[in-house]
1. Checking the conditions here, which among 53, 62 is out of contact with any Cys (no Cβ under 7 Å at 6 or more places or on another chain) and loosely packed, with under 15 Cβ neighbours inside 10 Å?
2. Could you check how many residues of segment 40-58 are closer than 15 Å to residue 120 by Cα and not aliphatic (A, V, I, L, M)?
3. Going by the structure shown, is residue 118 in contact with a Ser or Thr (Cβ under 9 Å, 6 or more places away or on another chain), touching a residue at least 12 places away in the same chain (Cβ under 8 Å) and assigned to a helix (DSSP H, G or I)?
4. Condition check: closer than 25 Å to residue 6 by Cβ and among the acidic types (Asp, Glu). Does residue 76 satisfy that?
5. Among the residues of segment 99-112, is there at least one that is on the phi > 0 side of the Ramachandran plot, surrounded by 12 or more Cβ atoms within 10 Å (Cβ to Cβ) and outside any helix (DSSP H, G or I)?
6. Condition (residue is part of a helix (DSSP H, G or I), exposed (fewer than 13 other Cβ atoms within 10 Å of the Cβ), of a type outside the set (Phe, Trp, Tyr) and modelled with pLDDT of 95 or more) applied to segment 1-13: is it met by at least one residue?
7. Of all residues being among the acidic types (Asp, Glu) and within 18 Å of residue 48 (Cα to Cα) in segment 72-114, which is modelled with the lowest pLDDT? Just the residue, please.
8. Looking at (1) loosely packed, with under 15 Cβ neighbours inside 10 Å; (2) in contact (Cβ under 8 Å) with a residue 60 or more places away in the chain, which is the one condition that is false for residue 30?
Amino acid sequence: MSETDILIEFKTSLINFFDELIDQFPNEGDLIVIRIFLKDQIPIKDIMDIFLLKINKDDQHLKKMVKERNESFFLDHNIFDSLGRDRINHFKKIWRSGNLDQEDKLVIWKWVDLFIHISDKYVKAKNP
């Protein structure tokens, strides 16, 4: 799979993720704004580079948090904060809202697992 194919997969997955969140939280306008930025405003390579930088910094601290299902990943960090500082606490707000049951949270964790998997594929494709 080429780097371009992987970037397309990453973008499609991110948009699908935000579509699911928008369906579940239709009154959360910030989700729509983030989706628009991801789809039309920021080059997907830039999004991938930002994601890789954040998920791998500090000896892959955030990656380890995801693997351990440590909720502070959502409460204390935001991998999408480069889309606007006023959006930083949005995932924290959703996570603490009481509107997510354990199954919903597991689905979100699996999405993040997918993003990490795709980003790892991208790194391997760039550095064969």
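1. After applying the criteria, what remains is 53.
2. Count: 6.
3. Yes.
4. No, not satisfied.
5. no
6. Checked against the condition, which is being part of a helix (DSSP H, G or I), exposed (fewer than 13 other Cβ atoms within 10 Å of the Cβ), of a type outside the set (Phe, Trp, Tyr) and modelled with pLDDT of 95 or more, segment 1-13 yields at least one hit.
7. My answer is 81.
8. Only one criterion in (1) loosely packed, with under 15 Cβ neighbours inside 10 Å; (2) in contact (Cβ under 8 Å) with a residue 60 or more places away in the chain is unmet by residue 30, namely (1).
The values are calculated or read from the model by the stated rules, or taken from the named source; none is laboratory data. These numbers come from a predicted model, not from an experiment. All Cβ positions, glycine included, derive from the backbone under ideal geometry; neighbour counts span all protein chains shown.
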